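What follows is one structure encoded as structure tokens, with my remarks underneath.
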Amino acid sequence: MDITGWMKVTKRMMLLLCMAMPLMVEAYAANTPTGDDGNVEDYYKKPDSDGEQAKLVSQPSRAYDKLAAEITASCESNYDKIRAIYEWICNNIAYDTSYSIRKADQCLAKRKGVCQGYCDLFVQLARAVGIRVEVIEGKAKDGTGFVNPNGHGWLFAYTRQDHGILLDPTWGAGSVEGNRFIREDDCWQWFNVKPEWMILSHFPNRQSDQLLDKPYSEQEFLGCQPINSLWAAYGLDLKDISEKVRQQTFYPPMFYNQGEGIVELKEIPMSLDLRVGVDYVFRIKMNAERDFAILNNSVSCKKAEWKDEGDGIYSVAFMPRDTVSLLFCIRDDSGTAWQTIVKYEIEPPTESNWKMVARRFPLLAPDIKAVKNLDAELWGRAGIPAQRLVNLIREQQVTMLPTLYRGRETLLTFINVPMNRQLVAGQEYSFSFKSNGEGKWALHNEGDWQMEWEVTEDGLHTTTFTPSKAGRLSLMLQDEATGAYWPSLEYDVVAQ
């Protein structure tokens, strides 16, 4: 079912300190390798005093050395050890829905705890293998914008001297639905979270724990809109998003979750409302073999029209040309249906917007779109390209084109024919076209036939004809096998 990330919150109450589970949101986790700590994206933080952290961490009555050694046995770097401990806790500790287990000893024994329990257990295991970890206290905001008054706790783990990473094992572990804990399939969404992303949902009591050059005020934090998990899942520029959220100038398009793991959105318009007549750049990376397209009502831009940059990356500049919503879609697994990934609305266009469309796509100018029976592709195959069709429509003040029968358009190439469907009895009309096949051509008007043509060696047919009767006028080609005549072009004749 198509739902945006923030709507998932309506189905789950997420891990928020002691009272609720955290919002269903994939954090902006750094995509960092294991191994040499020098390859890790970490952040400077002046260590707290031991006295400050002693107030936040319990004095254990058991040893954690053996378990910590087992968890980190294959690890070489501090980062790897932090990662291993985080993974073990997320996979083995459940959230305590009785909201009573806050210390490491009981958390390990019962295999559950609230956020203090998760953090305390992490600290004890990390200390046992020589890694410093500090608890950060503050407020957390869920996907609906709710801030629990009881607060929340998360961690800063040091990968090297005065540098480390932000993580939240409580939120990484899973969620609660009613009184039932639901473990998260992907625990890495809250590991090594970038500070500019963490601040949108985690507000520390101490400003220095934000790790930002421009710290947020509490008022800014509370005023920011709730974050959407899909912004991160689709690989968007979250640093830019964070700044726009902070400035309260961010009104993004609607995102749907069917493309998670399939497509990355390298560059897309990040405003909900787009304008007709303006070019917008879309740049994506496909991680699976799927067809994709931009759909704007009857206008589409499918995979074949995108530039293939290699390595699964495609790009296109697309101009909305209709007032109906614009969608970026991918095909479903069966290849039979389109699934919406991003949805935009179209602002009411101005006259200037339509002029910009008409300069690029003359057939979409309002006066041309108003012409009935308009099928530019069909007329193009009959020898009248789009710009010439537009010119003829305007020159002859056409309101409705004659009927050009599909499947017959390739039999001739029009040079000069009346372009208005409605003709007037008693008036003379010129017909000129090149025949692309064998057979005799004729004009027929309610029993009157015109079979005489001036024909050149290359098949150019020319004649004039004056319809005398109200009714139907048809340009017809004889079937050589049966002798019957079949219409290719048809007009309505009205009395003078």
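The values are calculated or read from the model by the stated rules, or taken from the named source; none is laboratory data. These numbers were taken from a predicted model, which means no experiment stands behind them. Ideal geometry is used to build each Cβ from the backbone, glycine not excepted, and the neighbour counts take in all protein chains shown. Heavy atoms of the whole protein, side chains included, go into the accessibility calculation; ligands, DNA and RNA do not. Shrake-Rupley method; radii C 1.70, N 1.55, O 1.52, S 1.80 Å.
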Discussion item. Against the definition (outside any helix (DSSP H, G or I), on the phi < 0 side of the Ramachandran plot and under 52 Å from the mean Cα position of the chain (by Cα)), how does residue 374 come out, yes or no?
Written reply: yes
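Of everything in the stretch 235-253 that's open to solvent by less than 10 Å² (accessible area, probe 1.4 Å), touching a residue at least 40 places away in the same chain (Cβ under 8 Å) and not small (Gly, Ala, Ser), which residue is nearest to residue 197 (Cα to Cα)? Break it down into steps so the answer makes sense when it comes.
Let us first name the residues in the stretch 235-253 that are open to solvent by less than 10 Å² (accessible area, probe 1.4 Å), namely 238, 241-242, 245, 250, 253.
Next cut, touching a residue at least 40 places away in the same chain (Cβ under 8 Å) only: 238, 242, 245, 253.
Now drop any that are not not small (Gly, Ala, Ser), which leaves 238, 245, 253.
On the way: 238: 7, 245: 10, 253: 19 Å.
Looking at the filtered set, the residue picked out is 238.
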Response to the item:
The number of residues in the stretch 379-419 that are open to solvent by less than 70 Å² (accessible area, probe 1.4 Å), within 25 Å of residue 455 (Cα to Cα) and free of Cβ contacts under 8 Å to residues at least 40 places away in the same chain is 10
Worksheet entry | Residue among 49, 74 that alone is more than 45 Å from the chain's Cα centre (by Cα) and open to solvent by 20 Å² or more (accessible area, probe 1.4 Å) | 49
Worksheet entry | Residue that is surrounded by the fewest Cβ atoms within 10 Å (Cβ to Cβ) [pool: residues in the stretch 290-308 that are farther than 29 Å from residue 365 by Cα and either touching a residue at least 24 places away in the same chain (Cβ under 8 Å) or of a type in the set (Phe, Trp, Tyr) (or both)] | 291
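Yes or no, residue by residue, for (1) without any contact (Cβ under 8 Å) to a residue 60 or more places away in the chain; (2) touching a strand residue (DSSP E or B) at 6+ places or on another chain (Cβ under 7 Å); (3) assigned to a helix (DSSP H, G or I); (4) open to solvent by 10 Å² or more (accessible area, probe 1.4 Å):
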residue	(1), (2), (3), (4)
61	yes, no, no, yes
82	no, yes, yes, no
90	no, no, yes, no
101	yes, yes, no, no
105	yes, no, yes, yes
Worksheet, complete the sentence: Filtering the stretch 310-360 down to residues that are buried (at least 17 other Cβ atoms within 10 Å of the Cβ) and either outside any strand (DSSP E or B) or among the small types (Gly, Ala, Ser) (or both) yields 319, 320, 321, 322, 325, 349, 353, 354, 356, 357, 358
Discussion item. If I ask for residues that are modelled with pLDDT under 90 and open to solvent by less than 10 Å² (accessible area, probe 1.4 Å), which ones from the stretch 171-182 would you list?
Written reply: 175, 176
Worksheet entry | Complete set of residues in the stretch 124-150 that are closer than 27 Å to residue 70 by Cβ, in a loop (DSSP other than H, G, I, E, B) and in contact with a Lys or Arg (Cβ under 9 Å, 6 or more places away or on another chain) | 129, 130, 131
Practice prompt. Just give me the residues in the stretch 107-117 being crowded, with 24+ Cβ neighbours inside 10 Å and hydrophobic (A, V, I, L, M, F, W, C), in sequence order.
Written response: 107, 114, 115
Worksheet item: Got a sec? Which of 496, 478 is among the polar types (S, T, N, Q), modelled with pLDDT under 95 and within 19 Å of residue 403 (Cα to Cα)?
Response: 478
Item to complete: Only residues that are open to solvent by 30 Å² or more (accessible area, probe 1.4 Å), closer than 11 Å to residue 464 by Cβ and either within 55 Å of the chain's Cα centre (by Cα) or at pLDDT below 95 (or both): list them for the stretch 424-449, please.
Response: 429, 430
Fill in: Residue list for the stretch 126-149, restricted to those being surrounded by 18 or more Cβ atoms within 10 Å (Cβ to Cβ), out of contact with any strand residue (DSSP E or B) (no Cβ under 9 Å at 6 or more places or on another chain) and either β-branched (Val, Ile, Thr) or modelled with pLDDT of 95 or more (or both)
128, 129
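Listed residues 120, 185, 96, 168; which is surrounded by 20 or more Cβ atoms within 10 Å (Cβ to Cβ) and free of Cβ contacts under 8 Å to residues at least 40 places away in the same chain?
Working: 120 fails: free of Cβ contacts under 8 Å to residues at least 40 places away in the same chain; 185 fails: surrounded by 20 or more Cβ atoms within 10 Å (Cβ to Cβ); 168 fails: free of Cβ contacts under 8 Å to residues at least 40 places away in the same chain.
96 is the lone residue from the list that is surrounded by 20 or more Cβ atoms within 10 Å (Cβ to Cβ) and free of Cβ contacts under 8 Å to residues at least 40 places away in the same chain.
Kindly provide the set of residues from the stretch 454-472 that are open to solvent by less than 40 Å² (accessible area, probe 1.4 Å) and modelled with pLDDT of 95 or more, ordered by number.
461, 463, 465, 467, 471 - these are the residues of the stretch 454-472 that are open to solvent by less than 40 Å² (accessible area, probe 1.4 Å) and modelled with pLDDT of 95 or more.
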Worksheet item: Quick check, is residue 488 closer than 18 Å to residue 405 by Cα, part of a strand (DSSP E or B), among the hydroxyl-bearing types (Ser, Thr, Tyr) and in contact (Cβ under 8 Å) with a residue 60 or more places away in the chain?
Response: yes
Discussion item. Every residue in the stretch 199-222 that is touching a residue at least 24 places away in the same chain (Cβ under 8 Å), among the hydrophobic types (A, V, I, L, M, F, W, C), on the phi < 0 side of the Ramachandran plot and assigned to a loop (DSSP other than H, G, I, E, B), please.
Written reply: 199, 200
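Name the residues in the stretch 199-230 that are small (Gly, Ala, Ser) and exposed (fewer than 15 other Cβ atoms within 10 Å of the Cβ), would you? Give the derivation first.
Initial filter on the stretch 199-230 (small (Gly, Ala, Ser)): 201, 208, 217, 223, 229.
Within the stretch 199-230, 208, 217, 223 meet the criteria.
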Practice prompt. Kindly list the number of the only condition in (1) within 30 Å of residue 85 (Cβ to Cβ); (2) open to solvent by 10 Å² or more (accessible area, probe 1.4 Å); (3) part of a loop (DSSP other than H, G, I, E, B); (4) in contact (Cβ under 8 Å) with a residue 40 or more places away in the chain that fails for residue 196.
Written response: (3)
